[in-house]
């Protein structure tokens, strides 16, 4: 099989983004390699003044485009997206600060540790930005609406009306919906970004885990909708406070607040916060913080320009030895083993 070229990128993007034709410099990568065992996927290395990392683009069929992204952005990045057909985008952001700007509309921010659903109409362009200093880890699935509806048995009766408006494109003014990431979805994202496979196994694993992300997301949406049919119930109010607590922990993962301070910030008492956090996420607040920090460390260790002591400091450890012990306890191997992989 021949080495991929710019023409392969054009073919893989076809239908999902026509803007690359007018912005070829955005797609002038130093190194383009094959993603798997077919010519429907490419790996694009980023190594310039703006970013260092990679994108992986895979087109399993004409109705789906899978994008895996991992990288450190030294400068603010912008890219115009112009679909030539209606598409639905599911964006799973483990870390990094995304912004979306549509004409005559305020900039929309995609928070860290979130999943978002966006309906984009044919020929409606928007500008995607990644903030300077972001360490981006994300999985994005672009698909034709009918592919999502039919392949994943999407039932509008099992979701709130405002989400129906987004998924079925009923109101152009409502085209984006955000959710906090559950631990299960976080782990699936990491499985994709960290897959050890090549060739046919890489292709099959990517398709399977991408489908798992969609299944997990919509199962969580349906379970939540069935459990809390009335949005104004006290239970739903408490859940919103728990999700707010998760957001605070993610944004302050280097130095998370104490449980007492966190409880005051979200308006719950300590015991309710701890009990309901574990009920929703299946782990304690401490375990959530530790798991997020270790996963962040695993991402940062992929950057060979960072020393292990620097990674340790970046996630809030004063002493690298303490970080090494915590990392091995979580993953079963030392941080340096990642770089020997």
Relative contact order as a percentage, the stretch 202-341, C-alpha pairs under 8 Å and 6+ apart, gives 16 percent
Ranked from highest to lowest mean number of other Cβ atoms within 10 Å per residue, what is the order of the peptides 112-122, 150-160? 112-122, 150-160
Measure out, as a whole number of angstrom, how far apart the alpha-carbon centroids of the stretch 265-328 and the stretch 55-88 sit. 28 Å
Which of 62, 178, 261 moves most in a GNM of the chain, Cα contacts under 10 Å? 261
Normalised contact order of the chain, rounded percent, pairs of Cα under 8 Å and 6 or more residues apart: 12 percent
Ignoring everything except DSSP H segments at least 4 long, calculate the 222 nm mean residue ellipticity for the chain; use -39,500 (n - 2.57) per segment, divide by total residues, nearest 500. -12500 deg cm²/dmol
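Just so you know, all these numbers are worked out from the coordinates, no wet-lab data involved. Note that the structure is predicted; figures quoted are calculated from it, not measured. Virtual Cβ from ideal backbone geometry, glycine too; neighbours counted across all protein chains shown.
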